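The structure under discussion appears below in the form of structure tokens.
The values are calculated or read from the model by the stated rules, or taken from the named source; none is laboratory data. All values derive from a computational prediction rather than experimental measurement. Surface areas here come from the heavy atoms of the whole protein model, side chains and all, with no ligands, DNA or RNA. Shrake-Rupley method; radii C 1.70, N 1.55, O 1.52, S 1.80 Å.
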Amino acid sequence: FSTAGTLTAKGELTVESIDLVKDTDGSVVFTITIKNTGNKPVDATNGYLNVTLDGESVYNLVEKGDLSSNLEPGQSVSAVLRSGSELTKTYIVGNSYNVVIQAKFTDGSTFTTTTSVKCRSA
């Protein structure tokens, strides 16, 4: 029984919402909501949940305090990154940018997925 349970354990995350907005003053806000659609918790103690927009510095939701306890299956977490603090690149309205999401689960396994977001004007 325990072996069957281990074989079906799956770590998976999906993006519920994502947005990259450039204001008329040039400031940029990136928002993302990530849902744990697998059946293993993301580890908030010894693990990580990282978001990287277009090669910017890795934004760790655990270190930044967005994820203070394990992200259990079915739960979601959101993050907001702003130009001048977490975002340093110049983003162009109409262009699409890659977003890499990486997580480590309580059993030590990892998951990585890539999606894209199109920059829009406010």
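Taking amide H as placed 1.01 Å from N in the peptide plane, the amide H of K40 sits under 5 Å from that of K10, E12, each at least 5 places away or on another chain. Between the alpha-carbon centres of the stretch 7-60 and the stretch 104-122 there is a gap of 5 Å.
Kindly write out, for the stretch 102-114 in residue order, the coupling ³J(HN,Hα) from the Karplus curve 6.51 cos²θ - 1.76 cosθ + 1.60 (θ = phi - 60°), rounded to whole Hz, with x marking Gly and Pro. Values, residue by residue: 10, 9, 10, 9, 5, 8, x, 6, 10, 8, 9, 9, 10 Hz.
Each residue of the stretch 10-17 was assigned a 3J(HN,Hα) from its phi angle through the Karplus expression (A = 6.51, B = -1.76, C = 1.60, θ = phi - 60°), giving 9, x, 8, 10, 10, 8, 7, 8 Hz with x at Gly and Pro. Computed from backbone phi with θ = phi - 60° and the Karplus coefficients 6.51, -1.76 and 1.60, the 3J(HN,Hα) list for the stretch 23-36 is 7, 5, 7, x, 6, 10, 10, 10, 10, 8, 10, 10, 10, 7 Hz; x is used for glycine and proline. In the list (1) 13.8, 45; (2) 15.5, 47; (3) 15.6, 59, the label attached to Rg and Dmax of the Cα atoms in Å as derived from the coordinates here is (3).
Heavy atoms of the protein chains alone define the surface here; on that basis the chain has 54 Å² accessible area per residue at 1.4 Å probe size. Here K22 is the anchor, and the lysines within straight C-alpha reach of less than 30 Å, apart from those fewer than 8 places off in the same chain, are K35, K64, K89, K118.
Here the accessible area of the chain is 45 percent carbon and sulfur, with a 1.4 angstrom probe and all protein chains present.
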